[in-house]
1. Averaged over peptide A:66-72, how many Cβ atoms belonging to another chain are found within 10 Å of each residue's Cβ?
2. Dimensions of region B:9-138 along principal axes (Cα, Å, largest first)?
3. Summing -39500 (n - 2.57) over the DSSP H runs of n ≥ 4 in chain B and dividing by its residue number, what mean residue ellipticity at 222 nm do you reach, to the nearest 500 deg cm²/dmol?
4. For region B:54-363, what does the alpha-carbon gyration tensor say about shape, rounded, prolate or oblate, given a ≥ b ≥ c as the root eigenvalues, a/c under 1.5 as rounded, and a/b over b/c as prolate?
5. Under the definition of partner shielding as Cβ atoms of other protein chains within 10 Å of a residue Cβ, what is the mean value for peptide C:297-303?
6. Sketch the reach of a paramagnetic label on residue A:140 as a point 7 Å from Cα along Cα-to-Cβ, and name the residues of region A:54-69 whose backbone nitrogen lies under 14 Å away.
7. Report the antiparallel proportion of the DSSP beta bridges in the protein assembly as shown as a percent, rounded to a multiple of 5.
8. If you build a Gaussian network model of chain B, linking Cα atoms that sit under 10 Å apart, which residue out of B:309, B:207, B:281 swings the most?
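Computed from the coordinates by the stated procedures, all read-outs in this text should not be read as laboratory data. Source: prediction; values computed, not measured. Please note: Cβ atoms are built from the backbone with ideal geometry, for glycine as well, and neighbour counts cover all protein chains shown.
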Ligand SMILES: [Zn+2]
């Protein structure tokens, strides 16, 4: 097990992503941040407060639970749903930034796009992730990446955030439990 | 001449004796048999066993004629012999109903032809068990079957006037009315004992009072007309109290309890498994304890099986649609040993009284219930009371498999049953033809 | 959780998780696209052997919103309502590869029986069995109470709920007493003694014969359907007398606290247990109960059918997908 990102790197990545989002979208007028539970939701809040500091105004931030759209439901025990909280202005015509902690196969994001489609029609959908560990199984890419982390499929990436875990860190674990 | 020497067994009075049987009777009982015939006798090794007189069941549903898919006189007799019984009493609720001399004689002859136990038909009290018109009680009494016990069992003789007349009428041939005590208006669609469990399960309740009210009424009627009343399958603590009161007053009433009501309680219904659906229903632990106490102190005179076979499809369904009843001939003695003897509530001598002597006396079966004594008919049950066995519904002799004891381990293995000197069940050496 | 047979089997945590999931499902029902792909390819049979259009279509709507295939198997009064053939029906459904059976049956325990029979492998959901239980009705009632009186989250701690009427024959009452008390509410049963079961003293509820005395304490008032036929079985003298002592009318409505709600599982006997005025008043959430029923049933179907418990422990990969 090794530390792939210490707290200071995470903080720096969030700051950078916040700036990039503003730059790409020409400010914060049109953007809505949606974090994917559980850790993506906390990252979204952090990015939202960064942007608020830079811009001097709040940006709409919410959560998007994708469980009901997963394509691997049958392969796992049933899981509880996390809340989906869409900011009051909705997503119609907005530039929606999806935020997740680890970007891997791309299946989560595929499910998120489906979940989003059921709520409304954004102008654009962009993706921000803290870690991109590669091994895509779908033609999906991220727009904003905190850190590209080359991994093997046997490894696992664990993100800890102080809100939930008491510490900010990204861990790379060598021997992930692999079944099948 | 045929002779058997039952060797090394213990009698109900706890003495160890050898028993010599010559032809149909017990010819010698001694620590060491001396008769010359002993030399040529077949020896039955009864070490570790208790030797009892053949058991007598006063309440058996043999289903023939009419429902031979669930039991026949022959298959029921086999089950009886296997359970240690040398006599059973075939209830009248057959198709056609045993309410004429013709039907009771048919059942009687089927029993004789099978020859594994005495089959004493019970006659219906009313025509078609409908509770309206008395059946030809006299004709059944004077038939070859010599019926003395009359019952509409399955139904209650609920009309007080019909009951009064029946009690009066059977006095002329020393008959007895065996009442299935169940007030029908209090038990419409009833499914199980009314109480905490029924309230939870949403199954319609069968109140204790529906049974007790009839028991009380009939006791007063029997007293009034000075006749003889027998209460079938008592199940409630209140019923025991009423019978105890009646006996204290000298009223001529006898009562029975089934093995299943001595052991099982209504909470078994929480499985919704209809194998536990029975009429009258399983009651509470408090009732079970009162029944055991009543049986021990003689308030309840006898144990009767209410052996009620049903085909698989009548029990393989949801509770409400299922038939009432359980089979019990093959497990009766074991359940009594477990609940009454092993719990020290009763001695084996009392078991002999409750399961052989008293039922024969109530039924007027002079050939049965004579105990183990020289000169008595050699009706004998040998049971290894130290061994246990596991009840398996797929291994019963009955044609039906609706035993509520499936999977239970019970004490007491019947190893041999003998009817008038002829082995009818041999659990050790060979199966006997039925 | 494989089956939903009774509230009695349900733990506090399971009950809350159903309500929380239903909360998310309600959001879907309120959105522009009322359909989720979640149960695509799953086959659900609505086995309704006793008439109940409203419950059947509620389950059907729930299943369809989750993209399950729904087969309606209704047979009223036919040979299917006979016991023996429930076994045959189960075998047929099993042979057809059914993932779940939603069963409504007039016999208490039929759902339990089906679930424990060797002929059914799929999930069994009890949609009302005789006078035993109706768990999804209780769940939707709890959901409705929670939404109106408890901020839409957590349990029902401290709520006072009155259940009024034919408790004896009511599967809704049985399930509600168990669920509401499990979730922390105080339940009072208000009925004439003839319509309360022997053994009710063992239930987690109190009993009162005095409707007027209880009303002012209640946060939620649940009126049960009273069938006119009960009159013929001596449960009460006349429907007029019943309505007078146990019916909800204008006078009693004024005794109710400011924010209290009125519920009814339907179908109503207007004029007997509840007057039209009360049923249609601003306090009434009866129509909303129907709507919440779909969300709660979606939640139940999701929790029972979406995952696979068989490979629950096997797959641990893709935690970071
Ligand atoms: Zn009977």
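1. Average per residue, whole number: 5.
2. Principal axes ranked by extent give 59, 26, 25 Å for the Cα atoms.
3. For chain B, the value works out to -7000 deg cm²/dmol.
4. Taking the square roots of the gyration eigenvalues as a ≥ b ≥ c, region B:54-363 is rounded.
5. On the way: counts 0, 1, 1, 0, 0, 7, 4.
Across the residues of C:297-303, the mean count of other-chain Cβ atoms within 10 Å is 2.
6. Residues passing the 14 Å test: A:64-69.
7. Counting only bridges with both partners in the protein assembly as shown, antiparallel ones make up about 35 percent.
8. B:207
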